[in-house]
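Asks: Take a look at the following structure, please.
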Amino acid sequence: MQQLSTRHLLGIKDITAEDIQLIFETADNFKEVLNRPIKKVPSLRDITIANIFFENSTRTKLSFELAEKRLSADVVNFSSSNSSVKKGETLVDTVNNILSMKVDMVVMRHSSVGAPHYLSRKIQANIVNAGDGTHEHPTQALLDAFSIREKLGDVAGKKVAIIGDILHSRVALSNIFALQKLGAEVMVCGPITLIPKYITSLGVRVEHDVRKALAWCDVANILRIQLERQQIKYFPSLREYSLYYGINKKLLSQLDKEIVIMHPGPINRGVELNSDVADGPHSIILNQVENGVAIRMAVLYLLASVK
Amino acid sequence: MQDRLILDQQQLDITISRMCHQLVELHDDFADTVLLGLQPRGKLFAKRIQTRLSEILGHEIPLGFLDITFHRDDFRRRESPLKANATEVNFIIEEKKVVLIDDVLYTGRSVRAALDAMIAFGRPAKVELMVLIDRKYTRHLPIEPDYTGKAVNTLASQNVAAEWREQGFESDNIWIKHKI
């Protein structure tokens, strides 16, 4: 197959395993492009992309913008903090205004679940979801799975533990869909209050003891504690969370094997992940960031070629 | 109309040897020259050239493979998108003489894209084009080969098909076939 089955990337749930493989194979080629003396190809030179961020972002926004520029697309940026959204404009009005300026693709982050899905029914442009509330973050899941494939050769048959704040994490949900579609086994691990009640219906294991989770897995994807999304207290203190769920070198040295450590960033150092692990030899955190640009180039390129 | 065989195994071997000697005539010991095969179809022909050249000169000649998918001028205009292939260029082409190698020269658009893609690896001192089959009078761009295996007259309803042993064929054969 040479074409994606969809013209929007709204979530991993909506795409097929073949789509993911095609994105990976295309990203392999873009990774080679990124290692050339001139890291730019002219593929999207007739395309304009709007990055619309209704929620804060550093690396995702930067990564998308770099990917777009490496593909020679024209880029416009929009963030809600200094815009008419503050004056009461609706989402569709805002986006339609941007589209009137002849924009072909929209990369959007929004704090509401389903915002890009809603938009995809209202407008013509291709839409890439860069995170919608606590729902999905598809490009992050793609780059995570791509990084596992790069490190371990394949995703199929691998055991991946997602550890931390599962309840508020869009990365967790997208990762579960992506990893399962590629044939990996997935476990979620965290305090009982941070694991959604019905997560087992997705066919994942649930574990509350981080030692057992680490002993089980080949890859540990550590998630950030999202204090900004927590309206109530889910655990007594950060110190206590760190004591029970923080990953440090001592924990890893007690294992009889080596596991791969991942984190989607930004890291709360000393809370969910200690510096001795984050900067250690088993961490592929910076590879994830590097792969993010190649994966996003592949997604934008492939979406642009869907008629 | 029937398919027409334009080069069989024996003729192809002679042609490849002749083209290699032409290269040696102009590039001497290949100290400043590299070969660049175009993905996907020029790859096998480029490998043959490299193997024969190495036999003649007694040392390995650098060969890279260039994929031009991201540089094509028909992206989003084609019915079905093309899948990209691997680019393997493990040398810098800055100030080198580059011989671009492809199996069939038709409209010249692939070569234009290849010139564009090649620049990402440096500024070459000189670029030459070598093709196995030149389809005459079909160019859309002012591009002509420096080394030609065989020039043929073809119709728009025909295409040139190269069969190589590496692809599982019993022997190497180059055909003019009718599009189905």
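The values are calculated or read from the model by the stated rules, or taken from the named source; none is laboratory data. Everything quoted here is computed from the prediction, not taken from an experiment. Cβ sites come from the backbone with ideal geometry, for glycine too, and all protein chains shown count toward neighbours.
Asks: If we only count helices (runs of 4 or more DSSP H) wholly inside segment A:206-307, which ones have 1 or more residues that are surrounded by 21 or more Cβ atoms within 10 Å (Cβ to Cβ)?
Replies: A:210-216, A:238-245, A:275-278, A:285-304
Asks: Okay, moving on. Taking segment B:81-111, which residues are in a helix (DSSP H, G or I) and closer than 26 Å to B:F30 by Cβ?
Replies: Those that are in a helix (DSSP H, G or I) and closer than 26 Å to B:F30 by Cβ: B:S110, B:V111.
Asks: Among the listed residues A:V128, A:V85, A:V107, A:V155, identify the single one that is at pLDDT below 95 and either assigned by TED's automatic domain parsing to the domain that holds A:A17 or assigned to a loop (DSSP other than H, G, I, E, B) (or both).
Replies: A:V85
Asks: Can A:E25 be described as closer than 26 Å to B:R77 by Cα, part of a helix (DSSP H, G or I) and touching a Ser or Thr at 6+ places or on another chain (Cβ under 8 Å)?
Replies: For A:E25, the condition - closer than 26 Å to B:R77 by Cα, part of a helix (DSSP H, G or I) and touching a Ser or Thr at 6+ places or on another chain (Cβ under 8 Å) - is not met.
Asks: If I go through segment B:32-41 residue by residue, how many of them are modelled with pLDDT under 95 and either within 12 Å of chain A (Cβ to nearest Cβ) or under 11 Å from the mean Cα position of the chain (by Cα) (or both)?
Replies: The total comes to 3.
Asks: Here is a further query. Find all pairs meeting these conditions: Cβ atoms under 8 angstrom apart; at least six residues apart or on different chains; first residue within segment A:1-17 and within 14 Å of another protein chain (Cβ to nearest Cβ) and of a type in the set (K, R); second residue exposed (fewer than 15 other Cβ atoms within 10 Å of the Cβ) and assigned to a loop (DSSP other than H, G, I, E, B).
Replies: Sorted first by the residue in segment A:1-17, then by its partner, the pairs are A:R7/A:V306.
Asks: Any chance segment A:154-170 includes a residue that's among the small types (G, A, S), surrounded by fewer than 24 Cβ atoms within 10 Å (Cβ to Cβ) and over 22 Å from A:I225 (Cβ atoms)?
Replies: There is at least one residue in segment A:154-170 that is among the small types (G, A, S), surrounded by fewer than 24 Cβ atoms within 10 Å (Cβ to Cβ) and over 22 Å from A:I225 (Cβ atoms).
Asks: Scan segment A:102-121 residue by residue and report those that are among the hydrophobic types (A, V, I, L, M, F, W, C) and closer than 16 Å to A:S79 by Cβ.
Replies: Those that are among the hydrophobic types (A, V, I, L, M, F, W, C) and closer than 16 Å to A:S79 by Cβ: A:V103, A:V106, A:V107, A:M108, A:A115.
Asks: In addition: Quick one: would you say A:Q226 is away from every other protein chain (no Cβ under 14 Å), more than 30 Å from A:L9 (Cα to Cα) and in contact (Cβ under 8 Å) with a residue 24 or more places away in the chain?
Replies: Answer is no for this residue.
Asks: Oh, and also: For segment B:49-80, name all the residues that are in a loop (DSSP other than H, G, I, E, B), more than 12 Å from every other protein chain (Cβ to nearest Cβ) and exposed (fewer than 13 other Cβ atoms within 10 Å of the Cβ).
Replies: Within segment B:49-80, B:G58, B:H59, B:E60 qualify.
Asks: Okay, next question. Given the condition at negative phi, away from chain B (no Cβ under 14 Å) and surrounded by fewer than 21 Cβ atoms within 10 Å (Cβ to Cβ), answer yes or no: does some residue in segment A:19-40 qualify?
Replies: Within segment A:19-40, none of the residues are at negative phi, away from chain B (no Cβ under 14 Å) and surrounded by fewer than 21 Cβ atoms within 10 Å (Cβ to Cβ).
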